[in-house]
Amino acid sequence: MSTQQPPSLQSRSQGNQQWGGRYSGGPSAIMEAINASIGFDRKMWRQDIRGSLAHAAMLRHVGIIGADDEAAIREGLAAIGAEIEDGSFPFSEALEDIHMNIEARLTERIGEAGKRLHTARSRNDQVALDVRLWVRDAIDGLDAQLADVMQAMVERADEHAATVMPGFTHLQPAQPTTLGHHLLAYVEMLGRDRSRLGDCRARMNQSPLGAAALCGSGFPIDRHMTAAALGFDQPMRNSLDAVASRDFAMEFLSVLAICGTHLSRLAEEFVLWTNPYFGFVALSDAFTTGSSIMPQKRNPDAAELVRAKVGRVAGALVGMLTVMKGLPLAYGKDMQEDKEGIFDAAETMALCLAATAGMVRDMKPDAARLREAAGAGFSTATDLADWLVRELRMPFRDAHHVTGRLVAKAEGRGVDLSGLSLEEMQLEEPRIHNGVFQVLSVEASVASRTSYGGTAPVNVRRMAAEWRERLA
């Protein structure tokens, strides 16, 4: 039997030469494969170069390297960035990660100056920096996308402020509401998601650079200078915490999981609403697919995938929590496993937000069908009970019982409440008069809900205007 390793596991070098003289032999092929992260952490190349440029400028400022070396480093990193952009950069798994790949290439291009770049820093604070910068950039991008989804919802909410639809509890007809009010509920949820993202960004906006391996540096570095150069509020105050903490990533993923849950709930409603048995809205071919065998089908696949993808995001959060659970200070190689979940969750959320914005703008509500459904299931029963309290001064619990008997009577006759005659109502409560019929329509029901946050169209238009101003 052959013992030759498959090509993917065969060692392609005599080891990472960046390690120096401590190890003379190269790693085994299996060790090289499990240890390497360049297959995924190359996504952080922009952040790695930004951090190195700030570090080099600081080293020159405090006199650790000369101006010529700093200029060579700056030019070399710019050239490396161009190589990565155009796809010509020679990524090497033997060099393990994006940090060593860039540093080795820099030294290859500019010689001794490249070897001086790593003075007073470690891969531990370097990777902590890169991940923070990547997450911060992701937050900024996702925040803009969230604002776009909310803007789309606000515009449709204003358009449909008076479009009556059924409101549900337990997915059973409850009270009439409006499509505009329904959409604004999601605007509120996503607004809190944006707030959580902002909180996360503010808390994480401290620089770990200069913490070195775990105990700081004996060189006269200026951590405040690099923090300011990279847009951080200040350096992190404890070097152990700087390299060991990933709570910012946990918080980021938890925010995405919450936001994904909100998007998934709306996606589920799109799945229901586009079902012909509901018939509330239609989505165009842009956000639906057909069937390979049933030509009549229009499947809401975009909504179904948004509904499902929250599982990936929540899974990334659980994965991150599991990686960090019980991990002693400071850095452990376990923490290499933080990145793939972060990258995937952020990219998944970006796609879900884009799909959601698209579906909101694309959907075509069927106002007539929504109005018909809004009146089903005796949805104005609460309005009748409220009328009995307001007009007849009846205790609400008694009004509830009277209304229940009237609902039973209407159900037995196969009509809605407004289909009962005044005489039939008076058999249950003699004081009922013709004014009761003014509150039994779905339009009257929604118009009456003028309490702050209520579903009345005037409220919806006012709140849509407020959100439009806030988003602007």
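Identify all residues within region 239-281 that are surrounded by fewer than 17 Cβ atoms within 10 Å (Cβ to Cβ) and of a type in the set (Ser, Thr, Tyr); write none if there are none.
Hits for region 239-281 are THR261, TYR277.
Which of the residues spanning region 177-198 are in contact (Cβ under 8 Å) with a residue 40 or more places away in the chain and not aliphatic (A, V, I, L, M)? Lay out the reasoning, then the answer.
Residues of region 177-198 in contact (Cβ under 8 Å) with a residue 40 or more places away in the chain: 177-181, 183-184, 186-187, 189-191, 193-194, 196-198.
Passing the criteria: THR177, THR178, GLY180, HIS181, TYR186, GLY191, ASP193, ARG194, ARG196, GLY198.
Yes or no: region 357-364 includes at least one residue that is part of a helix (DSSP H, G or I), open to solvent by 30 Å² or more (accessible area, probe 1.4 Å) and among the aliphatic types (A, V, I, L, M).
Looking only at region 357-364, we keep the residues that are part of a helix (DSSP H, G or I), and these are 357-362.
Subsequent filtering for residues that are open to solvent by 30 Å² or more (accessible area, probe 1.4 Å) retains 361.
The next check asks that each one be among the aliphatic types (A, V, I, L, M); those that pass are none.
No: zero hits.
Restricted to region 161-184, and to residues that are buried (at least 17 other Cβ atoms within 10 Å of the Cβ) and in contact with a Gly (Cβ under 6 Å, 6 or more places away or on another chain), which residue is nearest to THR382 (Cα to Cα)?
If we take residues in region 161-184 being buried (at least 17 other Cβ atoms within 10 Å of the Cβ) and in contact with a Gly (Cβ under 6 Å, 6 or more places away or on another chain), then GLN175 is nearest to THR382 (Cα to Cα).
Is one or more of the residues making up region 211-231 within 30 Å of ARG371 (Cα to Cα) and among the aliphatic types (A, V, I, L, M)? Let's see the steps before the verdict.
If we filter region 211-231 for residues that are within 30 Å of ARG371 (Cα to Cα), which is where we start, we get none.
No, every residue in region 211-231 fails to be within 30 Å of ARG371 (Cα to Cα) and among the aliphatic types (A, V, I, L, M).
Would it be correct to say that ALA303 is open to solvent by less than 30 Å² (accessible area, probe 1.4 Å) and under 21 Å from the mean Cα position of the chain (by Cα)? Before you say what the answer is, go through the steps one by one.
On the way: open to solvent by less than 30 Å² (accessible area, probe 1.4 Å): yes; under 21 Å from the mean Cα position of the chain (by Cα): yes.
When the stated conditions are applied, ALA303 passes them.
Condition check ((1) at pLDDT below 90; (2) out of contact with any strand residue (DSSP E or B) (no Cβ under 9 Å at 6 or more places or on another chain); (3) over 30 Å from LEU183 (Cβ atoms)) across all residues:
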site: GLY404; (1), (2), (3): no, yes, yes
site: ALA408; (1), (2), (3): no, yes, yes
site: ARG413; (1), (2), (3): yes, yes, yes
site: LEU417; (1), (2), (3): yes, yes, no
site: GLU428; (1), (2), (3): yes, yes, yes
site: GLY454; (1), (2), (3): no, yes, no
site: ARG461; (1), (2), (3): no, yes, no
site: ARG470; (1), (2), (3): no, yes, no
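Taking into account only those residues within region 418-472 that are aromatic (Phe, Trp, Tyr) and surrounded by fewer than 20 Cβ atoms within 10 Å (Cβ to Cβ), which is nearest to the chain's Cα centre (by Cα)?
Looking only at region 418-472, we keep the residues that are aromatic (Phe, Trp, Tyr), and these are 437, 452, 467.
Now narrow it down to the ones that are surrounded by fewer than 20 Cβ atoms within 10 Å (Cβ to Cβ): 437, 452.
Numbers: PHE437: 47, TYR452: 29 Å.
That would be TYR452.
Please go through region 406-439 and give me each residue that is farther than 14 Å from ASP386 by Cα, of a type outside the set (A, V, I, L, M, F, W, C) and assigned to a helix (DSSP H, G or I), ordered by number.
LYS409, GLU411, GLY412, ARG413, SER418, GLY419, GLU423, GLU424, GLN426, GLU428, ASN434 - these are the residues of region 406-439 that are farther than 14 Å from ASP386 by Cα, of a type outside the set (A, V, I, L, M, F, W, C) and assigned to a helix (DSSP H, G or I).
Answer with yes or no whether LEU384 is buried (at least 16 other Cβ atoms within 10 Å of the Cβ) and assigned to a helix (DSSP H, G or I). Even if it seems obvious, please write down each step before you answer.
Numbers: buried (at least 16 other Cβ atoms within 10 Å of the Cβ): yes; assigned to a helix (DSSP H, G or I): yes.
For LEU384, the condition - buried (at least 16 other Cβ atoms within 10 Å of the Cβ) and assigned to a helix (DSSP H, G or I) - is met.
Looking at region 109-123, can you tell me whether even one residue there is buried (at least 18 other Cβ atoms within 10 Å of the Cβ), modelled with pLDDT of 95 or more and among the polar types (S, T, N, Q)?
So far as region 109-123 goes, yes, one or more of its residues are buried (at least 18 other Cβ atoms within 10 Å of the Cβ), modelled with pLDDT of 95 or more and among the polar types (S, T, N, Q).
If you scan region 65-106, which residues turn out to be open to solvent by 30 Å² or more (accessible area, probe 1.4 Å), within 19 Å of ARG46 (Cα to Cα) and not small (Gly, Ala, Ser)?
Listed by number, the residues that qualify are ARG74, GLU75, GLU85, ASP86, PRO90, PHE91, GLU93, LEU95, ARG105.
Spot the failing condition for VAL318; the list is (1) free of Cβ contacts under 8 Å to residues at least 60 places away in the same chain; (2) buried (at least 17 other Cβ atoms within 10 Å of the Cβ), and only one is missed.
Failed condition: (2).
Residue check: is ILE221 of a type in the set (A, V, I, L, M, F, W, C) and assigned to a loop (DSSP other than H, G, I, E, B)?
Values: of a type in the set (A, V, I, L, M, F, W, C): yes; assigned to a loop (DSSP other than H, G, I, E, B): yes.
Spelling it out, ILE221 is indeed of a type in the set (A, V, I, L, M, F, W, C) and assigned to a loop (DSSP other than H, G, I, E, B).
Would you say ALA385 is among the aliphatic types (A, V, I, L, M), over 30 Å from LYS43 (Cα atoms) and in contact with a Ser or Thr (Cβ under 9 Å, 6 or more places away or on another chain)?
Working: among the aliphatic types (A, V, I, L, M): yes; over 30 Å from LYS43 (Cα atoms): yes; in contact with a Ser or Thr (Cβ under 9 Å, 6 or more places away or on another chain): yes.
Yes; evaluated as a whole, the condition is true for this residue.
For region 387-405, which positions are surrounded by 12 or more Cβ atoms within 10 Å (Cβ to Cβ) and either at positive phi or not in a helix (DSSP H, G or I) (or both)?
If the condition is that a residue be surrounded by 12 or more Cβ atoms within 10 Å (Cβ to Cβ) and either at positive phi or not in a helix (DSSP H, G or I) (or both), then MET394 is the only one that fits.
Based on this model, can you work out whether VAL187 counts as within 30 Å of TRP467 (Cα to Cα) and buried (at least 17 other Cβ atoms within 10 Å of the Cβ)?
When the stated conditions are applied, VAL187 passes them.
The values are calculated or read from the model by the stated rules, or taken from the named source; none is laboratory data. These numbers come from a predicted model, not from an experiment. Positions of Cβ are backbone-derived with ideal geometry, glycine not excepted, and every protein chain shown enters the neighbour counts. The accessibility values were calculated without ligands, DNA or RNA, using every heavy atom of the protein model including side chains. Shrake-Rupley method; radii C 1.70, N 1.55, O 1.52, S 1.80 Å.
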